[in-house]
Amino acid sequence: MDRRSLMWMTFMVLVVVTAVYLVIMEDQLAVRQTPQAHTSQDTGAGGNAGAAWGDTAKEAGGNLGAELGDPAALAGNNAGSVWGDMGEAAKSNAGAVWGEAKPAKLCILKTDTVFIYTPACGSDVVQSILFRFGYRRDLFVALPGKPGNPSILQDPRSGDILREYLLKPSAMAARADWDINILAHKVRYNRDALHKVVNGNAKYITILRNPLDRFETDFVASHLEKQFDVEQREHPPALRRYLAAPEFWEKRRMRVNSRCTTNCMAEALGIPVRGRGGNALPEPDGNGVMHYISKLESDFALVLIYEQLNKSLVLLKRRMCWGFRDILYDVSLLEPPATQRNARGESEKLQFRRLNGADHLLYYHFYDIFKAKVAAEGDDFHREVRHFERVLDKVSLYCSSALDDVSVANQTVVWGSEWDEEFVVTRQMCWSLRRKREDWDKLFRERYTHGSQSQRNN
Ligand SMILES: *[C@@H]1O[C@H](CO)[C@@H](O)[C@H](O)[C@H]1NC(C)=O
Ligand SMILES: *[C@@H]1O[C@H](CO)[C@@H](O)[C@H](O)[C@H]1NC(C)=O
């Protein structure tokens, strides 16, 4: 064998070895992306592992995108220089693994949130999501001074939330001004008052529901018939009697301990729908209401829709840069659908609508906005919602068996997807998903008054 062919053979062997090496490297890089995804959870990037992988780059996690981007570029360069002319094949191969790395949109985790609680609209679900989020991330969640109170007190005139009305965490004992990260107890929306106590860049959210369905659920669940000075009898059911003559009933509202019965969503959102002394204004003026609604539209980052809860939560996840784990919920916290009613006639609906004009304007306005927001998210959004529903089903299946039966595995894994990283659901997390406001209240109080930092991992 002459010198030339020896060199030629050595060269060929080198090429083959390099090729094998490259293929192995690529596999390793591909495998390694999962653990990388994990670390980004801790740094709070909370991005989507899938994001850097091409088409789904829309809501990419900032950090993660950068992390994945570098090795991808590196692999590409390497392949190019080693393979020389044959580099094209290697590059397209690498392309297949890393996807068409589109520039990832930066997704910055948002934590500070104000939730305006609307009655019988699925608010308990959103509230518990925020409590769980705040607890796990050790944020300061506003608590009423009085243990167990569902509402935070406000000055009846100005709507101000005085700091004396709130629990002051012991860690802030020395400070006069401290900011709230999460506020999810009941308050009446008042932008100026809230801006005085809540972190300035907090996102404002709320949830709305079809007014008649909302009313029916609230009426039955809260025994609203007791708010009216009318003869109480079994038949026909109070709800049907009310809906047959709502104006008659409203004239017989009792003044003491009165609960909201008309335009209750508008009321929670600070729209002036009552005159002096709490009487419903006879005909809330449509233009005035629209003026408030457009202010709400610019103040609120997102208005969720009860009938579209899963979509609403995925939209929230995208806006806040959260993970599926953050928006899981337990259906037991959801208000029952309105089932008590019998078919209603048009005239009943009209009468109801006349008394709840502000709520109707509010609901249909934000319903349209919601639909437009969903449409703007594109097809990928619907696939993400379906995936979220599968995750919800998996978690609720696991939790319902794990909470009843100690022999069931201590945890289950929700695999990563193009929209989220893998995460583990533990029994403890199942408990926290079912925890009611009263129990959250106790847990937070414990943490803020004794500085206990334990049990953060649920
Ligand atoms: C949300 O998803 C769950 C789980 O798949 C499903 O049972 C429920 O009906 C969905 N709710 C809405 C409002 O789509
Ligand atoms: C769950 O964890 C507990 C405590 O760590 C352990 O005693 C038990 O055997 C575990 N159960 C299962 C099914 O793994």
**Message:** For the list (1) open to solvent by less than 30 Å² (accessible area, probe 1.4 Å); (2) of a type outside the set (Asp, Glu); (3) not in a helix (DSSP H, G or I), I need the number of the one condition that residue 217 fails.
**Reply:** (3)
**Matching option when the condition is of a type outside the set (Lys, Arg), in a loop (DSSP other than H, G, I, E, B) and modelled with pLDDT of 90 or more, among 156, 103, 119** = 119
**Message:** Suppose we filter the stretch 385-419 for residues that are of a type in the set (Asp, Glu) and more than 16 Å from ligand 1 (Cβ to nearest atom); how many remain?
**Reply:** 3
**Request:** Run down 346, 389 and say which single residue is modelled with pLDDT under 95 and surrounded by fewer than 22 Cβ atoms within 10 Å (Cβ to Cβ).
**Result:** 346
**Message:** Condition first: in the same structural domain as residue 304 (by TED's automatic domain parsing), surrounded by fewer than 20 Cβ atoms within 10 Å (Cβ to Cβ) and among the hydroxyl-bearing types (Ser, Thr, Tyr). Can you find one or more residues in the stretch 357-377 that meet it?
**Reply:** yes
**Fill in**
Filtering helices (runs of 4 or more DSSP H) wholly in the stretch 325-414 for at least 2 residues that are within 16 Å of ligand 2 (Cβ to nearest atom) and closer than 18 Å to residue 120 by Cα gives none
**Item:** So residue 425, is it within 16 Å of ligand 1 (Cβ to nearest atom) and not in a helix (DSSP H, G or I)
**Value:** yes
**Request:** Within the stretch 427-436, identify whether any single residue is away from ligand 2 (no atom under 11 Å from the Cβ) and more than 30 Å from residue 185 (Cβ to Cβ), and answer yes or no.
**Result:** no
**Request:** Would you mind stating whether residue 448 is within 21 Å of residue 184 (Cα to Cα), open to solvent by 10 Å² or more (accessible area, probe 1.4 Å) and touching a Ser or Thr at 6+ places or on another chain (Cβ under 7 Å)?
**Result:** yes
**Asked** Only one residue in 130, 139 is open to solvent by less than 40 Å² (accessible area, probe 1.4 Å), part of a helix (DSSP H, G or I), closer than 24 Å to residue 321 by Cα and touching a strand residue (DSSP E or B) at 6+ places or on another chain (Cβ under 8 Å), so which one is that?
**Response** 130
**Item:** Members of the stretch 402-415 that are surrounded by fewer than 19 Cβ atoms within 10 Å (Cβ to Cβ) and within 19 Å of residue 389 (Cβ to Cβ)
**Value:** 413, 415
**Matching residues in the stretch 226-259 - criterion: being without any contact (Cβ under 8 Å) to a residue 60 or more places away in the chain, open to solvent by 30 Å² or more (accessible area, probe 1.4 Å) and assigned to a helix (DSSP H, G or I)** = 226, 241, 248, 251
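The values are calculated or read from the model by the stated rules, or taken from the named source; none is laboratory data. Computed from a predicted structure; not experimentally measured. Glycine also receives a Cβ, built like all others from the backbone with ideal geometry; neighbour counts cover every protein chain displayed. Surface areas here come from the heavy atoms of the whole protein model, side chains and all, with no ligands, DNA or RNA. Shrake-Rupley method; radii C 1.70, N 1.55, O 1.52, S 1.80 Å.
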